[in-house]
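No value in this document is a laboratory result; all are computed from the given coordinates. Because the structure is predicted, anything quoted here is derived from the model rather than measured. Note: ideal-geometry Cβ built from the backbone for every residue, glycine included; neighbour counts use all protein chains shown.
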């Protein structure tokens, strides 16, 4: 049995107990109950569990390599969707997170990939490549922590009033994806999400 994505029994109980999961009158601030629920549901843990599901890793890498989609941001959107949330506007802090990804995480990934052939022949290079991989993973973890904090702030995030089954369509529109392989990758990821 696969581990649940983005949920622990306490979170399920919060939803079952009837705590309000709608936006406040301001509609730009998350309600306290939802904010607590987001804080209790680690984006990092959610991302690891989802990424380990059948077909998700390959789908994420297809979107990353063929369409330039940031996998951390993709997983964040999945996490928001899991909580019934969606971006209504680009949060101010997202630009800084994207800059971090471009200047740090992507650089580590490029170096790691560049060393792949040499690492197969040289144990010293293989060790450096493993260290780069750990550093890349640490940078991704930092990205996910920043994305979670951004979501908890409520900036640009609203309750999704549309059908819960339209994540792939929404993300394809957001990133202007049209190729069949990219659309199938999004559908694969969406199919692996647990209902909230």
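Observations on the model:
- Kirkwood Rh, angstrom, the range 78-183 [1 / mean 1/r, Cα pairs]: 16.2 Å
- Entry note, the range 9-191: relative contact order of 34 percent, from Cα contacts under 8 Å with a spacing of 6+ residues.
- Footprinting exposure proxy ranking of 143, 105, 32, 62, fewest other C-beta atoms within 10 angstrom first, gives 32, 62, 105, 143.
- A straight line joining the Cα centroids of the range 73-106 and the range 115-141 runs 26 Å.
- Of the residues 169, 46, the one with the fewest other Cβ atoms within 10 Å heads the list, and the complete ranking is 169, 46.
- Counting every alpha-carbon pair across the range 9-191, the share separated by more than 21 Å comes to 55%.
- Ratio of Rg to Rh over the range 99-140 (Cα coordinates, Kirkwood Rh, two decimals): 1.02
- Fewest-first sequence of 71, 128 by Cβ atoms within 10 Å of each Cβ: 128, 71
- Note on residue 134 and residue 179: their simple-model spin labels are 3.4 nm apart, each label 7 Å out from Cα toward Cβ.
- Peptides 185-194, 52-61, 88-97 ordered by average Cβ neighbours within 10 Å, highest first: 185-194, 52-61, 88-97
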